[in-house]
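Take a look at the structure below.
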Amino acid sequence: MRLNSFFLLLIFLTVISCAKEKSNIEIIEQKEIDLQMIDAYREGLEELELGDGLNAAKKFTEAELLFPQSLWAPRSALMAAYSYYVDNYYADSIYEIERYLKTYPNHERNDYAYYLLGIVYYDQIVDERKDIEAILESKKYFELVIKNFPNTDYALDSKFKIELINEILASKEIYLARYYIEREKWIPAINRLKIVVDNYNDSIFIEEALYRLVEVHYKIGLEDEAKKYAYLLGYNYQSSEWYEKSYKIFNKNYENLEKKLKKEKNNKGLIDRVKSRILNEN
């Protein structure tokens, strides 16, 4: 009986010893993985500082794969996406950001992820006449940042970027409207110009849009519509060169009237100077 007890104790001690040894091995291995991950992350930063975004992305991806449960894994994934972006590997950057968002849907840095996604699309805008997909995608993600993360610096910059995007979209509509006007395709031209008036009324192109609506409607004989847009242009932008052009459409004697007004203004100036001299002499 004592012999059995002795063997049981011996087996128990052996198991404990093996368990401790296994635990120590696991701790050592985990520390080694931690160090490897930190080294890979540091190497990624060094490559990024040297301007090699492609190799930096590979190092950050390696760091994430070494310890996927680590606090640094999602950060490494984002850094990989940023590194691709820096080297203009836009498709790879988009892929990495989308993968990050699926893998870490509740991570605290998702505000930056969506902002970066908007930036990647934004930087692909080269020609407003062609890059409509990139324009709309960037606007979509900037709007998402503003809606879901309103109190961040990313939201503030997103608002600024959307203002620029709206200018680009307005310029595209103006470009198409001019194209149709040159070819006397009045209805498509009017439709494009109305898009600017309805959707981009804070744009720098709003004055030209209103003027061209005056011009087109007048040409096709819809003078009441032309006057309506001329009134809008005059009410809001009376000092604008576009308002002056619209005024000429309705006033064939505008140039003569303009000369008369300038002459009266000059005469008034002369009278004022004479009065001033008389008052000074007295």
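Kindly identify segment 163-241 as rounded, prolate or oblate by the Cα gyration tensor criterion: order the square roots of the eigenvalues as a ≥ b ≥ c, call it rounded if a/c is under 1.5, otherwise compare a/b with b/c, prolate if a/b is larger, else oblate. Because a/c hits 1.5 or more and a/b fails to exceed b/c, segment 163-241 counts as oblate. Backbone geometry of segment 191-198 corresponds, through the Karplus equation with coefficients 6.51, -1.76 and 1.60 at θ = phi - 60°, to 3J(HN,Hα) couplings of 4, 5, 5, 5, 4, 5, 5, 7 Hz, x marking Gly and Pro.
For the residues His107, His217, what sequence is obtained by ranking on other C-beta atoms within 10 Å, fewest first? Can you show the working numbers first?
Values: His107 17, His217 22.
Final ranking by Cβ density, sparse to dense: His107, His217.
Taking θ as phi - 60° and the Karplus parameters 6.51, -1.76 and 1.60, the scalar couplings of segment 91-102 work out to 4, 5, 5, 4, 4, 5, 5, 5, 5, 4, 5, 6 Hz in sequence order, x denoting glycine and proline.
Note that segment 80-87 has calculated 3J(HN,Hα) couplings of 4, 4, 5, 5, 4, 4, 4, 8 Hz, one per residue in order, obtained from phi through the Karplus relation 6.51 cos²θ - 1.76 cosθ + 1.60 (θ = phi - 60°); glycine and proline are x.
When you filter the GluC sites (Glu not before Pro) in segment 105-178 for DSSP loop state and at most 16 other Cβ atoms inside 10 Å of their Cβ, you are left with Glu108.
Among Leu232, Leu35, Leu66, which comes first, then next, by fewest other beta-carbon atoms within 10 Å?
On the way: Leu232 18, Leu35 11, Leu66 21.
Ascending Cβ contact count within 10 Å gives the list Leu35, Leu232, Leu66.
By the count of other C-beta atoms within 10 Å, a proxy for reagent exposure, Arg192, Arg183 are ordered fewest to most as Arg183, Arg192. Only one residue of Pro105, Tyr89, Ala40 has its Cα farthest out toward the positive end of the dipole of segment 36-152, where Lys and Arg carry +1 and Asp and Glu -1 on Cβ, and that residue is Pro105.
Read-outs throughout are calculated quantities, based only on the coordinates presented, and are distinct from any laboratory measurement. None of these values were measured; they are calculated from a predicted model. Here the Cβ is made from the backbone with ideal geometry for all residues, glycine too, and neighbour counts use every protein chain on show.
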